[in-house]
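One structure below.
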Amino acid sequence: MEHFSALPIFVTVVECGSFSAAGQKLGLSKSAISKRITQLEQHLGIQLLQRTTRSLSLTDAGARYFEYIRPAVQLTQEGLDAISELQQTPKGNLRISVPMVFGRLYIAPLIAEFLKRYPDIQLQVQMDDKTTDLIAGGFDLAIRIGELPDSSLIARKIAPCLSVICASSTYLAQHGLLLTPSELTQHNCLFYSYFQDGVEWSFHSPDGVQRVQPKGNYQVNNSDAIHQACLDGLGIANLPRFIVESDLQAGRLQALLTDYPLPEHGIYAVYPQRKYLPTKVTVLIEFLMEFLAK
């Protein structure tokens with residue numbers, strides 16, 4: 001019966017694409033993962049995975065076996081979730097993914113209070129601006145900002161997210177104010193690499209939605225870096241208000257094109273579709289709603 005305990009490991013390896021990634025997800029060493037897969041193959045008397053120094057792939061037999069085993073492992077997880085739902089005290093490992101700057105400004109300050117309320121939860125937070133694959137990464141929940149692509153994930157809106165076009169007084173003194181979105185093409189604009197709408201900024205105007213493809217000499221995958229460049233007078237930025245609100249209030253940055261508001265986005269809690277949502281995930285969503293909805 002020991003080989004049955006290796007089935008979730010096999011499924012995780014296939015989903016993650018490597019022994020090291022599966023080991024990180026399961027809290028096991030790479031060598032331990034490899035050993036369990038080898039033992040499973042020896043028990044079955046057939047090779048499941050093709051291994052090279054750079055890649056990992058299923059054999060034909062492995063692909064067929066995975067097709068049958070994966071639903072069974074998922075059903076087992078649903079059973080664990082169903083039991084967890086009945087627990088009065090939320091407990092267990094809780095792995096979440098959050099955007100870097102939003103996580104630093106709004107999630108990190110809440111962690112102590114959350115763990116005081118739920119001391120039996122072991123919380124793992126990954127801050128990364130990339131859109132992480134929740135299933136492959138073994139995440140219970142992610143915070144996503146902006147328009148969500150179609151997927152099998154469940155999304156619950158926590159709060160609205162408003163953005164603003166802004167620049168420093170230093171930049172505006174050198175390059176002048178702008179009155180319409182079309183004038184952005186005459187200015188140096190700062191780009192966020194992971195902006196979901198691409199290199200295009202959309203504005204609401206009396207004539208409908210107006211789209212502009214601004215140009216600039218600086219693109220970076222971190223909102224903090226864009227924020228700093230904007231403060232330093234490098235150019236015009238399109239940033240969430242949760243990053244720049246204090247600068248707008250203090251006069252370090254000036255809001256531009258206020259007659260042409262940007263589309264309102266949302267801040268969402270996103271999690272894999274499950275028949276039973278574990279209590280530890282439910283209490284985290286409710287906690288975030290309590291502190292962030294306002």
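The values are calculated or read from the model by the stated rules, or taken from the named source; none is laboratory data. Not measured: the values here are computed from a predicted model. Quick reminder, even Gly has a Cβ in these numbers, built from the backbone with ideal geometry, and neighbours come from all protein chains shown. Protein only, heavy atoms only, side chains kept; ligands, DNA and RNA dropped before computing areas. Shrake-Rupley method; radii C 1.70, N 1.55, O 1.52, S 1.80 Å.
Observations on the structure shown:
- Filtered residues of the range 267-294 (kept if among the small types (Gly, Ala, Ser) and either surrounded by fewer than 14 Cβ atoms within 10 Å (Cβ to Cβ) or without any contact (Cβ under 8 Å) to a residue 40 or more places away in the chain (or both)): ALA293
- Test set (1) open to solvent by 30 Å² or more (accessible area, probe 1.4 Å); (2) touching a residue at least 40 places away in the same chain (Cβ under 8 Å); (3) over 14 Å from the mean Cα position of the chain (by Cα); (4) more than 20 Å from VAL283 (Cβ to Cβ) - HIS187 fails condition number: (1)
- Top-ranked residue in the range 15-28 [being part of a loop (DSSP other than H, G, I, E, B) and open to solvent by 60 Å² or more (accessible area, probe 1.4 Å); ranked as farthest from GLN50 (Cα to Cα)]: GLY27
Here's the yes/no breakdown for (1) more than 12 Å from the chain's Cα centre (by Cα); (2) outside any loop (DSSP other than H, G, I, E, B); (3) over 20 Å from MET289 (Cβ atoms); (4) without any contact (Cβ under 8 Å) to a residue 60 or more places away in the chain:
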{"position": "PRO109", "(1), (2), (3), (4)": "yes, yes, no, yes"}
{"position": "LYS116", "(1), (2), (3), (4)": "yes, yes, no, yes"}
{"position": "VAL125", "(1), (2), (3), (4)": "no, yes, no, yes"}
{"position": "GLU147", "(1), (2), (3), (4)": "yes, no, yes, no"}
{"position": "CYS166", "(1), (2), (3), (4)": "yes, yes, yes, no"}
{"position": "LEU172", "(1), (2), (3), (4)": "yes, yes, yes, no"}
{"position": "LEU177", "(1), (2), (3), (4)": "yes, no, yes, no"}
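- Among the residues examined, GLU264 qualifies as open to solvent by 50 Å² or more (accessible area, probe 1.4 Å) and either under 23 Å from PRO240 (Cα atoms) or in contact with a strand residue (DSSP E or B) (Cβ under 6 Å, 6 or more places away or on another chain) (or both).
- Of all the residues in the range 59-75, those that are exposed (fewer than 13 other Cβ atoms within 10 Å of the Cβ) and at pLDDT below 80 number 1.
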